[in-house]
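All remarks here apply to the structure that follows.
The values are calculated or read from the model by the stated rules, or taken from the named source; none is laboratory data. As the structure is a prediction and not an experimental result, all values here were calculated from the model. All Cβ positions, even for glycine, are placed from backbone atoms using ideal geometry, and neighbour counts span all protein chains on display.
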Amino acid sequence: MMFVSKFSLPLNTAKNIYLFLPTHAEKEQGFIHLMDTIKCITVTLRAKLIMVVGSQSQKSLQKFLHYDRFFNDVRYMIFEYYPNISTISGGIQTNDLIFAVSARPLTVSFNRRLELLPKILSRHFAEQNYVIIYPEQAEDTEID
């Protein structure tokens, strides 16, 4: 897993953590590890987790994450046009922390618009702390 981050505020001021997930993120190889990491950060910061997902992903995510009671208290925000998240930037406070999950080419949750994610975040969430997460990929996959 790889993290690309921009922090300008102290992390311990975060009240909410927004986790933006692309469609089919739960089918990626490192999804469980990703969610365990998000859980650990959320608990450490004593923040509330809000998962921003497409409607078709919400049910499969709830079913997939039922193994851990922590995820029963998660709030879901339905958003169909990920990564075009600029339209919901008004509801996110300055001290909220954003985790935006991307995907690498040739993975099940990849779409070409994800390549714009760093630009979208830097333009519309310049005040907030954010982290772009690139989940694990298979060891035999080559990166050019």
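Data table
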| item | result |
| --- | --- |
| Some residue of the stretch 33-43 being part of a strand (DSSP E or B), among the polar types (S, T, N, Q) and in contact with a strand residue (DSSP E or B) (Cβ under 6 Å, 6 or more places away or on another chain) | no |
| Odd one out for V108, checked against (1) under 29 Å from E127 (Cβ atoms); (2) out of contact with any Pro (no Cβ under 6 Å at 6 or more places or on another chain); (3) in contact (Cβ under 8 Å) with a residue 40 or more places away in the chain; (4) not hydroxyl-bearing (S, T, Y) | (1) |
| Selection from the stretch 85-102 of residues that are at pLDDT below 90 and surrounded by 19 or more Cβ atoms within 10 Å (Cβ to Cβ) | I85 |
| Criterion violated by T44 - all others in (1) within 15 Å of V131 (Cβ to Cβ); (2) in contact with a helix residue (DSSP H, G or I) (Cβ under 8 Å, 6 or more places away or on another chain); (3) hydroxyl-bearing (S, T, Y) satisfied | (2) |
| The stretch 82-103 residues that are without any contact (Cβ under 8 Å) to a residue 12 or more places away in the chain and within 13 Å of R123 (Cβ to Cβ), paired with ones that are surrounded by fewer than 22 Cβ atoms within 10 Å (Cβ to Cβ) and not charged (D, E, K, R) (beta carbon under 8 Å, 6 or more apart) | T87/Y81 |
| Condition met for L19 (of a type in the set (A, V, I, L, M, F, W, C), within 24 Å of K119 (Cα to Cα) and not in a loop (DSSP other than H, G, I, E, B)) | yes |
| Members of the stretch 15-33 that are buried (at least 22 other Cβ atoms within 10 Å of the Cβ) and more than 18 Å from M77 (Cα to Cα) | E28 |
